[in-house]
Amino acid sequence: MSGPSSYNPKTGFGRWIDVRLPLPRLMYDSFIAYPVPRNLNYTYTFGSILSVMLVAQILTGVVLAMHYTANTELAFASTEHIMRNVNYGWLLRYMHGVGGSMFFLAVYIHILRGLYYGSYKDPREVLWILGVIIFLLMMATAFMGYVLPWGQMSFWAATVITNLFSAFPLIGEAVVSWLWGGFSVDNPTLNRFFSLHYLLPFMIVGVVILHVWALHVSGQTNPTGISVKSEQDTVRFTPYATIKDIFATVLFFIVFAYFIFYQPNYLGHPDNYIEANPLVTPTHIVPEWYFLPFYAILRAVPSKLGGVMLMFGAIAVLFVVPWLDTSKVRSAVYRPLFKQFFWILVGVCILLGWLGSKPPEGGYLIATRIATVWYFFHFIILLPLLGLFETPTPRPASISESVLGEDGDSHGDSDPGGGAQPAGAAASPQSKG
Amino acid sequence: MAALASALFAAAFFTGPALAAAEVVIKHQSWTFSGPFGTYDNQQLQRGYQVYREVCSGCHSMNYVAFRNLYEKGGPEFSEDEVKALAAQFEVIDGPNEDGDMFERPARPSDRFPAPFANAAAAKASNNGALPPDFSLIAKARAVSRGFPTFVFDIFTQYQEGGPDYIYSLLTGYAEGSDTEPNDEGVYANHSFIAGKAIAMAPPLSDGLVTYAQNGDEDPDNDLPETVDQYAKDVVSFLMWAAEPHLEARKAMGLKVMIFLFIFAGLLFYSKKKVWAGIAH
């Protein structure tokens with residue numbers, strides 16, 4: 001981190017507040033003066049995009065909750081009431097539903113960035129673990145949110161997933177009845193899912209605060225994986241990272257808006273426009289796309305308990321990645337073998353996602369088993385071994401050196417000697433003439 | 001971007017009756033509401049309402065649509081008086097009155113379309129055990145698997161008309177010659193039905209079944225053929241409106257939003273370049 005705070009309140013009110021509750025100082029230190037490496041690329045903007053998406057989901061969700069009724073007799077009808085009668089209800093509903101998908105798209109890119117650039121390595125292990133906790137909370141929130149419209153997929157996905165807990169020996173059946181509040185997914189289940197769906201996002205906010213705090217203690221990684229050595233390596237967060245984050249967020253919003261306005265139901269399932277019927281099972285029960293890889297892993301083995309353990313194991317393995325990866329080199333940029341295996345892993349995850357939408361039989365099942373084995377092989381066997389046996393390519397001595405080149409040729413337009421301050425007069429907020 | 005590819009891969013595998021999907025015959029139509037600038041044709045929706053009212057509403061409810069929706073913008077856009085008259089043709093149960101009795105009264109625009117049967121059991125009893133589905137959302141509740149790579153292209157072509165294409169194909173997909181007679185099991189052969197080779201519903205449409213209001217006026221130029229194909233197109237458009245009444249507003253707002261975002265992104269791009277101009281990165 002950058003050391004003591006450089007905040008200097010200029011107004012009387014500013015000084016008055018600073019003595020009593022230094023929130024402006026905290027904001028200044030964290031988001032204006034905070035130094036970030038100068039060589040970050042756009043994959044590093046997804047943390048900011050995720051924060052914006054969290055706020056968007058909470059805002060749209062709170063307004064939707066003003067019109068939604070979580071009773072099995074009324075839930076589907078209240079959702080249609082929102083779509084048809086509430087002013088811009090259709091917009092709120094589509095923003096919230098598509099927003100959930102966009103949230104997961106951003107989080108997968110964010111996680112993959114962390115895996116590629118070694119963002120989980122010392123001293124950022126707790127930061128990474130907090131992130132996996134956020135991911136778990138997101139999955140719980142999304143699952144419960146999908147149940148709320150009480151369509152066919154809502155009901156049957158809830159039935160399938162809650163039934164998984166019966167796999168645990170001795171206590172399984174009791175746990176499931178307790179979750180359901182009865183003997184099957186019914187009104188008590190829907191009601192408590194609504195309550196928890198409203199609660200969990202605020203728990204996510206809390207963990208996000210811890211996540212950003214942990215980040216600000218260690219500072220950002222950067223594509224070279226070389227730690228910050230001097231002020232020359234960094235720039236102030238505002239305006240440099242701020243403008244990049246806002247630009248990336250608007251680009252992300254273009255994709256988001258495209259789906260909301262032109263393809264709102266593309267990422268959903270038509271069966272969810274049929275009201276839930278406990279007596280009619282859909283031909284194929286599938287979760288939303290972002291759960292498909294885990295759904296594939298769940299069905300890879302014939303044992304119910306085995307499938308459940310593997311599915312949770314697929315996420316649990318993420319918690320220990322900082323210790324599985326033994327390499328002293330942080331970034332995949334300088335790890336040629338690791339880089340190739342990373343992209344293979346990405347391909348395997350996409351394959352698992354596609355297989356999750358297929359029935360678990362024949363060739364699909366064989367492919368699912370191979371892909372599942374590879375997934376665990378990558379984390380449990382490959383990562384430790386690669387660190388021991390891989391020969392990394394030479395790393396630059398510092399971030400500045402990688403940006404400037406060894407003999408001082410810069411990639412930027414002019415003299416980089418300004419360090420944390422902007423060197424170009426046009427961009428400098430302080431120069432007057 | 002790998003996650004985006006993952007989204008594309010996994011998202012549009014409609015796993016409805018996928019096994020039958022390979023053999024289901026789908027005839028793609030051009031719909032007035034498809035594409036980024038799609039809109040509903042008011043006249044077509046009015047004809048579609050007429051077909052629904054005269055042919056389908058005997059068995060199929062439309063519980064989420066109210067009479068007042070018929071004069072709202074972006075729909076059939078009947079006049080308010082026409083809607084009052086349409087509604088008054090129906091009797092609905094209201095009450096209790098001051099004596100505590102339920103009574104019947106003519107429907108008002110604020111009422112929803114009355115259902116043909118009191119409950120699902122009555123509906124099944126009148127239809128050989130088959131339940132005619134509600135039509136409020138049916139155009140969004142049906143689709144047929146598009147297969148790879150078509151479902152990827154669908155993102156860019158904005159194909160959302162899987163439901164309308166399916167329902168149109170179903171209505172026009174009954175087997176030739178046998179279309180008024182059920183087979184041995186009492187069902188009717190249809191090569192577009194996603195849940196099997198035959199459907200319990202008898203062919204609902206036939207040529208000349210509905211006399212369009214606009215065919216009876218003095219202007220011969222706006223006369224339309226009273227064929228199964230025309231009826232199917234009109235009623236399916238009406239069903240799409242019933243499922244998605246705010247489609248026009250959605251696409252219109254989308255255009256404004258996209259233009260705004262593109263301009264905003266452009267401004268931010270140049271701002272970013274300016275801010276970073278002196279900085280090595």
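The values are calculated or read from the model by the stated rules, or taken from the named source; none is laboratory data. Just so it is clear, the structure is predicted and the values come from calculations on it, not from any experiment. Don't worry about glycine lacking a Cβ; one is built from the backbone with ideal geometry, like all the others, and counts go over all protein chains shown.
Only a single item in (1) at the interface with chain A (Cβ under 8 Å from one of its Cβ atoms); (2) in contact with a helix residue (DSSP H, G or I) (Cβ under 7 Å, 6 or more places away or on another chain); (3) modelled with pLDDT under 95; (4) in a loop (DSSP other than H, G, I, E, B) is not met by B:THR15, and it is number (2).
Based on what the data block shows, is B:ILE155 touching a residue at least 60 places away in the same chain (Cβ under 8 Å) and crowded, with 19+ Cβ neighbours inside 10 Å? Considered against the rule, which asks whether it is touching a residue at least 60 places away in the same chain (Cβ under 8 Å) and crowded, with 19+ Cβ neighbours inside 10 Å, B:ILE155 comes out as no. Residue check: A:ASP271 meets all listed conditions (1) facing another protein chain (nearest Cβ under 10 Å); (2) touching a Phe, Trp or Tyr at 6+ places or on another chain (Cβ under 9 Å); (3) in contact (Cβ under 8 Å) with a residue 60 or more places away in the chain; (4) closer than 20 Å to A:ILE49 by Cβ but one, namely (4).
For region A:159-167, the criterion of a residue being within 14 Å of another protein chain (Cβ to nearest Cβ), assigned to a helix (DSSP H, G or I) and touching a residue at least 40 places away in the same chain (Cβ under 8 Å) is satisfied by at least one position.
Please enumerate the residues belonging to region A:42-64 that are out of contact with any Leu (no Cβ under 7 Å at 6 or more places or on another chain), within 22 Å of A:ARG192 (Cβ to Cβ) and either among the aromatic types (Phe, Trp, Tyr) or surrounded by 15 or more Cβ atoms within 10 Å (Cβ to Cβ) (or both). Residues satisfying the conditions are A:GLN57, A:ILE58, A:GLY61. Exactly one residue out of A:TYR295, A:TYR258 is within 12 Å of chain B (Cβ to nearest Cβ) and under 22 Å from A:CYS349 (Cβ atoms), and it is A:TYR295.
Residues in region B:64-103 that are in contact with a helix residue (DSSP H, G or I) (Cβ under 7 Å, 6 or more places away or on another chain) and either part of a loop (DSSP other than H, G, I, E, B) or surrounded by fewer than 14 Cβ atoms within 10 Å (Cβ to Cβ) (or both): B:TYR64, B:VAL65, B:GLY74, B:GLY75, B:PRO76, B:GLU77, B:PHE78, B:SER79, B:GLU80. Among the numbered conditions (1) over 30 Å from B:ALA265 (Cβ atoms); (2) more than 7 Å from every other protein chain (Cβ to nearest Cβ), the only one that A:GLY219 does not meet is (1). The residues of region A:79-104 that are among the polar types (S, T, N, Q) and surrounded by 19 or more Cβ atoms within 10 Å (Cβ to Cβ), listed by number, are A:THR79, A:SER101.
Considering only residues that are more than 8 Å from chain A (Cβ to nearest Cβ), out of contact with any Asp or Glu (no Cβ under 9 Å at 6 or more places or on another chain) and of a type in the set (A, V, I, L, M, F, W, C), which ones fall in region B:139-161? Across region B:139-161, the qualifying residues are B:PHE148, B:PHE151, B:VAL152, B:PHE153, B:PHE156.
Answer yes or no: is there a residue in region B:254-265 that is over 19 Å from B:PHE37 (Cα atoms), out of contact with any His (no Cβ under 7 Å at 6 or more places or on another chain) and more than 8 Å from chain A (Cβ to nearest Cβ). Yes, that holds for at least one residue.
Take the residues in region B:53-63 that are assigned to a loop (DSSP other than H, G, I, E, B) and not hydroxyl-bearing (Ser, Thr, Tyr); name whichever of them is surrounded by the most Cβ atoms within 10 Å (Cβ to Cβ). Please lay out each step first, then the result.
Here is the first cut: in region B:53-63, the ones assigned to a loop (DSSP other than H, G, I, E, B) are B:57-63.
When the remaining residues are screened for being not hydroxyl-bearing (Ser, Thr, Tyr), the result is B:58-60, B:62-63.
Working: B:GLY58: 12, B:CYS59: 18, B:HIS60: 22, B:MET62: 24, B:ASN63: 16.
Here the answer is B:MET62.
Tell me, yes or no, whether region B:166-189 has at least one residue that is away from every other protein chain (no Cβ under 14 Å), β-branched (Val, Ile, Thr) and surrounded by fewer than 12 Cβ atoms within 10 Å (Cβ to Cβ). Yes - at least one qualifying residue is present in region B:166-189.
Contact annotation: no residue pair with Cβ atoms under 7 Å, 6 or more positions apart or on different chains, pairs a residue in region A:350-374 that is under 13 Å from A:VAL301 (Cβ atoms) and aromatic (Phe, Trp, Tyr) with a partner that is at pLDDT below 95 and in a helix (DSSP H, G or I). Being of a type outside the set (D, E, K, R) and either farther than 30 Å from A:LEU164 by Cα or buried (at least 22 other Cβ atoms within 10 Å of the Cβ) (or both) holds for only one residue in A:THR242, A:THR281, and it is A:THR242. Considering only region B:116-131, state which residues are surrounded by 15 or more Cβ atoms within 10 Å (Cβ to Cβ) and within 12 Å of another protein chain (Cβ to nearest Cβ). Across region B:116-131, the qualifying residue is only B:LEU131. The single condition among (1) within 7 Å of chain B (Cβ to nearest Cβ); (2) at pLDDT below 95; (3) closer than 25 Å to A:GLY118 by Cβ that A:LYS244 does not satisfy is (2). Being surrounded by 20 or more Cβ atoms within 10 Å (Cβ to Cβ), at pLDDT 90 or above, over 14 Å from the mean Cα position of the chain (by Cα) and away from every other protein chain (no Cβ under 11 Å) is a description that does not apply to B:PHE33.
Annotation for region A:114-132: at least one member residue is surrounded by fewer than 21 Cβ atoms within 10 Å (Cβ to Cβ), in contact (Cβ under 8 Å) with a residue 40 or more places away in the chain, under 19 Å from A:MET53 (Cβ atoms) and not acidic (Asp, Glu).
Tell me the residue from A:SER428, A:SER402 that is modelled with pLDDT under 90, surrounded by fewer than 17 Cβ atoms within 10 Å (Cβ to Cβ) and either away from chain B (no Cβ under 14 Å) or more than 30 Å from A:LYS304 (Cβ to Cβ) (or both), please. Write out each step before concluding.
Working: A:SER402 fails: surrounded by fewer than 17 Cβ atoms within 10 Å (Cβ to Cβ).
Going through A:SER428, A:SER402 in turn, the sole match is A:SER428.
Being part of a loop (DSSP other than H, G, I, E, B), modelled with pLDDT of 90 or more and within 13 Å of chain A (Cβ to nearest Cβ) is a property that B:ASP134 has.
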